[in-house]
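Taking it in order: structure first as structure tokens, then the write-up.
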Amino acid sequence: MIVYVESNFILEVALVQDQHDACDELLRMAEARSIALVLPAFCIAEPYSTVGRRMLERGQLREQLSAQLRQLGRTRPYGEHARQSGAVVELLVRSNEEERGRLDQALQRTLSVSEIVHVDGALFGDAMQLRNSRGLVDTRRDRVC
């Protein structure tokens, strides 16, 4: 059996999200050669941009939160609460480091058992023809599948 996976598959594994267990099972099956995984080449870089964007957003939030906690810490009634809230700031830092490492591991594991499909103009054209010939347009939302 051939299983086609994409960037969200890698993110599920790396970020240990809701479907992590199912994705991990597919990886185990591919490692045992029970199935074949196929991954489009463009899906290799995409998870890095997602994780990178999240890291940037968390860094900005960490800076803003740290500044606000410092200000609150100067006010006697809030000082202890502000010091206790420092754990949230540490979580933002730690999560960035851990997620980047897990992304590297997830991608390496996926690449070790996947066939990489390079998408060129001809392949994209074939996909568009199939989309059109099969009527793969979601009319409820006016979106193309």
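Would segment 91-106 turn up any residue that is outside any helix (DSSP H, G or I), among the basic types (Lys, Arg) and over 24 Å from residue 27 (Cα atoms)? No, segment 91-106 has no match at all. Applying the set (1) at pLDDT 95 or above; (2) surrounded by 12 or more Cβ atoms within 10 Å (Cβ to Cβ); (3) of a type in the set (Ser, Thr, Tyr); (4) over 18 Å from the mean Cα position of the chain (by Cα) to residue 112 leaves exactly one unmet item: (2). When segment 110-128 is filtered for residues that are under 24 Å from residue 29 (Cβ atoms) and in a helix (DSSP H, G or I), the ones remaining, listed by number, are 110, 111, 112, 113. One residue stands out among those in segment 3-27 that are over 15 Å from residue 37 (Cα atoms) and part of a helix (DSSP H, G or I): the one that is farthest from the chain's Cα centre (by Cα), which is 21. Within segment 33-49, the set of residues being of a type in the set (A, V, I, L, M), surrounded by fewer than 16 Cβ atoms within 10 Å (Cβ to Cβ) and closer than 19 Å to residue 104 by Cβ comprises 41, 45. Pairing each residue of segment 36-53 that is over 21 Å from residue 16 (Cα atoms) and in contact (Cβ under 8 Å) with a residue 12 or more places away in the chain with any residue that is part of a helix (DSSP H, G or I) and hydroxyl-bearing (Ser, Thr, Tyr), provided the two are 6+ apart or on different chains, yields C-beta distances under 9 Å for 40/7; 42/7. Give segment 58-90 a look and list any residue that's surrounded by fewer than 12 Cβ atoms within 10 Å (Cβ to Cβ) and in a helix (DSSP H, G or I), or say none. Matches in segment 58-90: 60, 64, 67, 70, 71, 76, 77, 80, 84, 87, 90.
A single entry from 13, 3 fulfils the requirement of being surrounded by 14 or more Cβ atoms within 10 Å (Cβ to Cβ), of a type in the set (A, V, I, L, M) and closer than 12 Å to residue 115 by Cα: 3.
The values are calculated or read from the model by the stated rules, or taken from the named source; none is laboratory data. Quick caveat, the model's predicted, so the values are computed rather than measured. Using ideal geometry, Cβ is built from the backbone for each residue, glycine included, and neighbour counts are taken over all protein chains shown.
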